[in-house]
Amino acid sequence: MDAHNVSFQEAEPEGDLLEIIASLSRPQKFLSPKFFYDQRGSELFDQITEQAEYYPTRTELGIMQDNIAAIKKAIGADASLIEFGSGSSYKTRFLLEHLEDLAVYVPVDISEDFLIATAKDLAKDFPNLEILPVAADFTREFDLPQPKRMPARNVVYFPGSTIGNFMPDAALELLKVMRAEAKDGGALLIGVDLKKDRAPLEAAYNDAAGITAEFNLNMLVRINREFDANFDVDAFSHRAIYNEVLGRIEMHLISDKAQSVSIGGERFDFDKGEYILSECSHKYAPVEFGAMVERAGFRVSEVWVDKDRLFSVQFCEAV
C-alpha cells in the first residue's frame, strides 16, 4: 500500500480469474494488491494518505519541499522526466512547478483513460511543457515517444515507495527496466520507505479510523462483484503486521470462522484464523537499497531523508 498515485485498474476477466484461482490454491493463500484499486479502492487509498498515522505521503512531500533545489540540480536542465505508474501525478505537480527547464514529461500508466485525462489536466497547468503520456505496463520495457526537443538525459521518477510493493527479485527486475529506459547517462529519482521501529509501521497500516481495514476488505467486495465470488466480507478481518525477519509490512485478510468460498466454479476452504496475504510493503535500510540498485546498473549519488529518518528520496545515476 505504498502506491504514490493510484489509478483505477480495469480487470481482465479471464486472465485475472485464473490468477485469483491459482493464488488462492497455494499453501499460503494470497491475492495480488492490484485488486485493491477499483474506484472505491482508489478513493479509500486517498483517504488513507490523509490519516495521522500514515506518514509516507506527507513525509516524502516534505523531503521534496525541503530539498527541491538539490533535486533540481541533480536532475539538471533539459531532462526527460519519465514517471512510472504516474496515476494522478499528485506529487509530480510539485516537481514540475520547480523543473521549469524540463524538455518533456512522460507519464506512464497501465490505465489509459485515466492517464489521458490526467495528462490533459496537467497540460492546462503547464502549457509550455510537452507532455507525452504512454499507456504501458511499466514492469516491462516500453518504447519512449519522440519529443520535439531532444532531452539531455532521461530521468525515471518513481515516488511513493511503490518499489516496496514488489518482492525483492521483482523489484530488482523493475529497477533493470528503469535502467533500460534511463539509458546511459540517465538517472532515477525514487522514494524509498526506510526500516524503522515496529510501532510507527504497524500504526500506519492499522489506522484508528479503520480506513485501511475497509481498503483491504474492499478487495473481497470487488472480487465478489467482478468474478462472481461469494466471499462473506463480514466474516473476514484486516490485520497488518511487521515481519522483521523479511523487513516488510504484511497485510492479511483473516477468516473469522471456518468457511468455504466459491470463485469461478472452484471451492476454497478456510480454517478459523487462516489468512489471505493481500500485500507486502518492503522497507529498506539505505545500504540494502544501494546494493540492489547497483545490481540493476545504478549508483546512489544522493539520499535525502526527513529529520526522523522515516523515509528517503534517493537519486541514482546510471553506470
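Residues that are among the polar types (S, T, N, Q) and either touching a helix residue (DSSP H, G or I) at 6+ places or on another chain (Cβ under 7 Å) or closer than 30 Å to Glu14 by Cβ (or both) do occur in region 260-268, at least one of them. Scanning region 170-217 for residues being in contact (Cβ under 8 Å) with a residue 60 or more places away in the chain and farther than 22 Å from Val303 by Cα gives a total of 12.
When residues in region 158-210 are screened for being outside any helix (DSSP H, G or I), of a type in the set (A, V, I, L, M, F, W, C) and over 24 Å from Thr92 (Cβ atoms), 3 of them pass. When region 222-249 is limited to residues that are assigned to a helix (DSSP H, G or I), aliphatic (A, V, I, L, M) and closer than 18 Å to Ser32 by Cα, the one that is least open to solvent (accessible area, probe 1.4 Å) turns out to be Ile223. The criterion of at least 2 residues that are out of contact with any Gly (no Cβ under 7 Å at 6 or more places or on another chain) and surrounded by fewer than 18 Cβ atoms within 10 Å (Cβ to Cβ) is met, among strands (runs of 3 or more DSSP E) falling completely within region 256-312, by 259-263, 266-270, 298-305. Just a yes or no: is a residue in region 169-180 closer than 22 Å to Pro56 by Cβ, surrounded by fewer than 16 Cβ atoms within 10 Å (Cβ to Cβ) and either more than 16 Å from the chain's Cα centre (by Cα) or not hydrophobic (A, V, I, L, M, F, W, C) (or both)? Taking every residue of region 169-180 in turn, none turns out to be closer than 22 Å to Pro56 by Cβ, surrounded by fewer than 16 Cβ atoms within 10 Å (Cβ to Cβ) and either more than 16 Å from the chain's Cα centre (by Cα) or not hydrophobic (A, V, I, L, M, F, W, C) (or both).
Screening the candidates Glu97, Glu43 for the property of being assigned to a helix (DSSP H, G or I), open to solvent by 10 Å² or more (accessible area, probe 1.4 Å) and within 23 Å of Val134 (Cβ to Cβ) yields one hit, Glu97. Pairs meeting the criteria (first residue in region 53-68 and among the polar types (S, T, N, Q), second residue open to solvent by 20 Å² or more (accessible area, probe 1.4 Å) and part of a loop (DSSP other than H, G, I, E, B), beta carbons under 6 Å, at least 6 apart or on different chains) are Thr57/Thr49; Thr59/Asp306; Thr59/Leu310.
Determine, yes or no, whether Asp109 is charged (D, E, K, R) and buried (at least 21 other Cβ atoms within 10 Å of the Cβ). Judged against the criteria, Asp109 is a match.
The values are calculated or read from the model by the stated rules, or taken from the named source; none is laboratory data. Model, not experiment: these values are computed from the prediction. Every residue, glycine among them, receives a Cβ derived from its backbone with ideal geometry; neighbour counts consider all protein chains shown. Each accessible area value is taken on the protein alone, full model and side chains, heavy atoms only, with ligands, DNA and RNA left out. Shrake-Rupley method; radii C 1.70, N 1.55, O 1.52, S 1.80 Å.
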